[in-house]
Amino acid sequence: MNVIVHERDSEHLSREARAMGMVIWDVIQNGELVGIFPSQDEADAYRKALEDAQPQG
């Protein structure tokens with residue numbers, strides 16, 4: 001399983017979000033968006049939860 005956390009680029013934010021200086025963090029699992037978070041800490045916690053829930057094999 002491949003889980004990636006990255007900051008959303010400003011092209012994918014609304015004008016309002018850009019004007020407010022918002023930073024949004026995306027969690028991508030196997031190439032698909034699975035979560036959107038307002039902080040990197042929350043996004044990393046979700047990534048860890050996804051990885052921990054995956055059966056080891």
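Values quoted throughout were computed directly from the atomic coordinates according to the rules given, and no laboratory measurement underlies them. The model shown is predicted, which means the values in this text are computed figures rather than measured ones. Reconstructed Cβ throughout: ideal geometry from the backbone, glycine too, with neighbour counts over all protein chains shown.
Binning every alpha carbon pair distance of segment 3-53 at 5 Å from zero, what are the percents per bin?
Final binned percentages: 5, 23, 29, 21, 12, 7, 3, 1.
FRET efficiency for Q40 and R15, Cβ-Cβ distance as r, R0 = 35 Å, nearest 0.05?
0.95
Any idea how far apart E51 and N2 come out in nm if each label point goes 7 Å out from Cα toward Cβ?
1.6 nm
Quick one: what are the phi-derived ³J(HN,Hα) couplings along segment 25-35, Karplus 6.51/-1.76/1.60 with θ = phi - 60°, whole Hz, x for glycine and proline?
After applying 6.51 cos²θ - 1.76 cosθ + 1.60, I find 10, 9, 10, 10, 10, 6, x, 10, 5, 10, x Hz.
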